[in-house]
1. Looking at this structure, is A:Leu78 open to solvent by 10 Å² or more (accessible area, probe 1.4 Å), free of Cβ contacts under 8 Å to residues at least 40 places away in the same chain and not hydroxyl-bearing (Ser, Thr, Tyr)?
2. Looking only at strands (runs of 3 or more DSSP E) that lie completely in the stretch A:40-147, which have at least 1 residues being more than 16 Å from DNA strand D (Cβ to nearest atom) and not hydrophobic (A, V, I, L, M, F, W, C)?
3. Quick one: in the stretch A:42-75, which of the residues that are more than 25 Å from A:Gly15 (Cβ to Cβ), facing chain B (nearest Cβ under 9 Å) and touching a strand residue (DSSP E or B) at 6+ places or on another chain (Cβ under 7 Å) is modelled with the lowest pLDDT?
4. Go through the stretch B:12-23 and give me each residue that's open to solvent by 50 Å² or more (accessible area, probe 1.4 Å) and either of a type in the set (A, V, I, L, M) or more than 10 Å from DNA strand C (Cβ to nearest atom) (or both).
5. Take the stretch B:24-41 and flag every residue that is more than 9 Å from chain A (Cβ to nearest Cβ) and open to solvent by 40 Å² or more (accessible area, probe 1.4 Å).
6. Read through the list (1) open to solvent by less than 20 Å² (accessible area, probe 1.4 Å); (2) touching a Phe, Trp or Tyr at 6+ places or on another chain (Cβ under 7 Å); (3) free of Cβ contacts under 8 Å to residues at least 60 places away in the same chain, then give the number of the only condition that A:Gly147 fails.
7. For the stretch A:41-70, give me the residue count where each residue is charged (D, E, K, R) and within 11 Å of DNA strand C (Cβ to nearest atom).
8. Return the residues of the stretch B:28-39 that are touching a Leu at 6+ places or on another chain (Cβ under 8 Å) and within 15 Å of DNA strand D (Cβ to nearest atom); say none if nothing qualifies.
2 protein chains.
Amino acid sequence: MNSNGDGTARARETGTLGKLMVLLDLVTHADAPLRFTDILALAGQPRGTLHRQLSHMVEEGLIELDGDGRYAPGLRLLDFAARSWARNEFRLIAEPHLADLQRATGETVHLGVLRGQSIIYLDKVEGRQPVRMYSQIGNASPCYCTGVGKAALSLLPAESLVDLVASLSFTSFTASTHGSAETLLAEIREIADQGYAFDREEHEAGICCVAAPVWSEDRTFMGGISITGPAYRLSMELLHQWAVPVQLAAGRIMEGMRVRLGPRR
Amino acid sequence: MNSNGDGTARARETGTLGKLMVLLDLVTHADAPLRFTDILALAGQPRGTLHRQLSHMVEEGLIELDGDGRYAPGLRLLDFAARSWARNEFRLIAEPHLADLQRATGETVHLGVLRGQSIIYLDKVEGRQPVRMYSQIGNASPCYCTGVGKAALSLLPAESLVDLVASLSFTSFTASTHGSAETLLAEIREIADQGYAFDREEHEAGICCVAAPVWSEDRTFMGGISITGPAYRLSMELLHQWAVPVQLAAGRIMEGMRVRLGPRR
DNA sequence: AATTAAGTTCCAAATAATGGAACAATGATA
DNA sequence: TATCATTGTTCCATTATTTGGAACTTAATT
């Protein structure tokens, strides 16, 4: 009875909050502001119930209702996110090392962490003309077709990895995107051995990267950093060369966390 | 019984959600991750209740619990915010005009909207070396001591304005910050007449700006755009000169909204 | 080892959410 | 303009969740 967009059952134990989050997901994932009836159809709840739920969320600023009766994500979310980002310890510690790596290679550097099945990008340092950052930072990307994602997966204990991979639905973004759990798991094993990962145009055609895993000892953060760029400029040979500096930068970030957060994490 | 940080009573009709949002506010506004007991003291709720509430929010990714039992804002908020920002129509329409204004003046240009008592910055276009953007975008600043804030206030109908101003608590960020409703209301009236506002180092010492109001016809967005810079470079004379281009840019943004969103808004 | 503090679980009572239907407003069509 | 269809809002008895107190477990401190 309780289901989300892609038809998978959802049995979370989060009471009232869980129901509201489903609605927030609907509104924020839509391509355009939704009308009451649209949400009614998607959520499959009684009109009265839905109306009250939406009213409460509008009142709290999580979603907004415009003059045409369309529901859009609320701007209060920006304030929450800005605070969340500004004080994130992992990001603060990594920042200078990302800048170093960018200078050393001239290409774009990313920092991302695993959350559920997604990689959430926490930072991005670009080469020449720094483009709009926010359009990338905060973005959630699939873990199975990004360098940072596969690097993060290589940190999981065997059982968690199998569970997570089993729950993925593989979307083929390009011709080289992994299409099955088997091939993905095989590559993850390889990555775990060698300590770095590649993205061979698996998420976006013409874009490739080399990534290294980064984690905090308490496993609050399991993610990675990557050097990303256009395939015509970044040959596999070059990416292989860069595996070393990426791993070194990853090591320095983890060393920084040990110093800052104390040895027991 | 239900109170927030600054002791003001809070009587919202948002049921369970309202209580959870109070907690999310606590966690995101804190200077550092909070321990269970810290939150217990701040929230003033029974242990069992608080524990379940926090568990639910952790489960949903709104807050995170690290290995030391400290609660921090959740990174899922970043994903929500990134989507909220990426598709915001007001921002999308304003973007090119902000860039024009930046080029014309060489100084930093902001776009912000009024939400409650705060201005939430939706965009920022910087001059020479584009600095980290996200550190500004999404930030909530007081409405009574920012150029965009006062410009936005000048759009409110008399009664709403008085109500809002009456609910403000005036923090003196600098020597020139407004300290009372009277002086603020007097300036707002002036701004409403002339159509532009100044910030004379009222929020941050050494930083001033000139701003013009921008709004959508349905009043979903009431905000403004501003040209901001260091006081040593931006004399009051220069700011007065820039009032015209800022107002023109504001006009073009509103024209763009009429075209895009239809004439009835 | 004893003591204090911190975190977790349990359950009857209090409270809020639900869902169905009736009602109101809007907009399309003849 | 009158009619019908659609969309959005309000109400209230029923149902389900949240609440708050206490008991319990675990971790840290003396």
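The values are calculated or read from the model by the stated rules, or taken from the named source; none is laboratory data. Quantities reported herein were computed from a predicted structural model and do not represent experimental measurements. Glycine gets a Cβ as well: all are built from the backbone with ideal geometry, and neighbour counts include every protein chain shown. Just the protein is used for accessible areas: all its heavy atoms, side chains included, with ligands, DNA and RNA removed. Shrake-Rupley method; radii C 1.70, N 1.55, O 1.52, S 1.80 Å.
1. Numbers: open to solvent by 10 Å² or more (accessible area, probe 1.4 Å): no; free of Cβ contacts under 8 Å to residues at least 40 places away in the same chain: yes; not hydroxyl-bearing (Ser, Thr, Tyr): yes.
Considered against the rule, which asks whether it is open to solvent by 10 Å² or more (accessible area, probe 1.4 Å), free of Cβ contacts under 8 Å to residues at least 40 places away in the same chain and not hydroxyl-bearing (Ser, Thr, Tyr), A:Leu78 comes out as no.
2. Details: elements: A:63-65, A:70-73, A:108-115, A:118-125, A:140-142.
The strands (runs of 3 or more DSSP E) meeting that bar are A:70-73, A:108-115, A:118-125, A:140-142.
3. Going residue by residue through the stretch A:42-75, those that are more than 25 Å from A:Gly15 (Cβ to Cβ) are A:66-70, A:72, A:75.
Those left that are additionally facing chain B (nearest Cβ under 9 Å): A:66-68, A:72, A:75.
Next, only the ones that are touching a strand residue (DSSP E or B) at 6+ places or on another chain (Cβ under 7 Å) stay: A:66, A:72, A:75.
Working: A:Asp66: 84, A:Ala72: 91, A:Leu75: 92.
So, considering only residues that are more than 25 Å from A:Gly15 (Cβ to Cβ), facing chain B (nearest Cβ under 9 Å) and touching a strand residue (DSSP E or B) at 6+ places or on another chain (Cβ under 7 Å), the one modelled with the lowest pLDDT is A:Asp66.
4. Let us first name the residues in the stretch B:12-23 that are open to solvent by 50 Å² or more (accessible area, probe 1.4 Å), namely B:12-13, B:16, B:19.
Hit for the stretch B:12-23 is B:Arg12, nothing else.
5. B:Arg35, B:Phe36, B:Thr37, B:Asp38, B:Ala41
6. The one condition A:Gly147 does not meet is (3).
7. Filtering the stretch A:41-70 down to residues charged (D, E, K, R) leaves A:47, A:52, A:59-60, A:64, A:66, A:68, A:70.
Next, from what is left, pick out any that are within 11 Å of DNA strand C (Cβ to nearest atom): A:47, A:52, A:68.
Of the residues in the stretch A:41-70, 3 are charged (D, E, K, R) and within 11 Å of DNA strand C (Cβ to nearest atom).
8. Result: B:Phe36, B:Ile39.
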